[in-house]
């Protein structure tokens, strides 16, 4: 039976297209103004006669495409090291919300309308909201538009996803709550009930409604979040 499962997984991977959903960690990438910037210091290099090359990296836990743990908003919440490794493994459901105005809110009624037109969200799904914010992504001086005015998920819709028992909820924006939110309903509702949030996703516009997604965070002791490498698997030619 174990060999059969491995064989099926190998066949599935060989016949799937893979879409990278994570941004490259690099200098100048946009981060929230109060967060640490990404930086790299070269310690050994071929140019100085070393046999190998390595750098010291410096960045905040919420840099680039990352996974928020409950510890991010709750003092006694579990850390990123304690988040189930399978939290971002499952059916991905891509919801196009790019029609929203800046700072707009994706409501419960919109979510139910999506289900009527597609298929009901199921327990264990990983929900991926494409707000169109990734189109504003840039480095350095060109990152300003990405850092403001993003649309987000409403609290009623977040509660609905919680009731559906989804595994995780993601966004292509800097945060799942709309820009300017002062009460952070998504963070409190989802993280408060153990559902991690994925932020700063890319390439969601390339996905069909349904895919299989896999994302692995770094195992950081007491961490509030971690950069995550995330991919989506789709049927070749879909």
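The values are calculated or read from the model by the stated rules, or taken from the named source; none is laboratory data. In this text, all values refer to a predicted model and were calculated from it rather than measured experimentally. All Cβ positions, glycine included, derive from the backbone under ideal geometry; neighbour counts span all protein chains shown.
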- Can we say residue 64 is under 22 Å from residue 198 (Cα atoms), in contact (Cβ under 8 Å) with a residue 40 or more places away in the chain and touching a strand residue (DSSP E or B) at 6+ places or on another chain (Cβ under 8 Å)? yes
- Message: If I filter segment 45-56 for residues that are closer than 27 Å to residue 154 by Cα and out of contact with any strand residue (DSSP E or B) (no Cβ under 8 Å at 6 or more places or on another chain), do I get at least one hit?
- Response: no
- Looking only at segment 20-30, count how many residues are closer than 14 Å to residue 141 by Cβ and crowded, with 19+ Cβ neighbours inside 10 Å. 2
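Matching residues to (1) surrounded by 19 or more Cβ atoms within 10 Å (Cβ to Cβ); (2) within 19 Å of residue 19 (Cβ to Cβ); (3) touching a helix residue (DSSP H, G or I) at 6+ places or on another chain (Cβ under 6 Å):
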{"residue": "62", "(1), (2), (3)": "yes, no, no"}
{"residue": "103", "(1), (2), (3)": "no, no, no"}
{"residue": "108", "(1), (2), (3)": "no, no, yes"}
{"residue": "111", "(1), (2), (3)": "yes, no, yes"}
- Task: Look through segment 1-57, keep the residues that are in a loop (DSSP other than H, G, I, E, B) and free of Cβ contacts under 8 Å to residues at least 12 places away in the same chain, and return whichever of them is farthest from the chain's Cα centre (by Cα).
- Result: 49
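So that you can scan it fast, the table gives a plain yes or no per residue for (1) over 18 Å from residue 173 (Cα atoms); (2) modelled with pLDDT under 95:
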{"site": "48", "(1), (2)": "yes, yes"}
{"site": "60", "(1), (2)": "no, no"}
{"site": "64", "(1), (2)": "no, no"}
{"site": "91", "(1), (2)": "yes, no"}
{"site": "94", "(1), (2)": "no, no"}
{"site": "100", "(1), (2)": "no, no"}
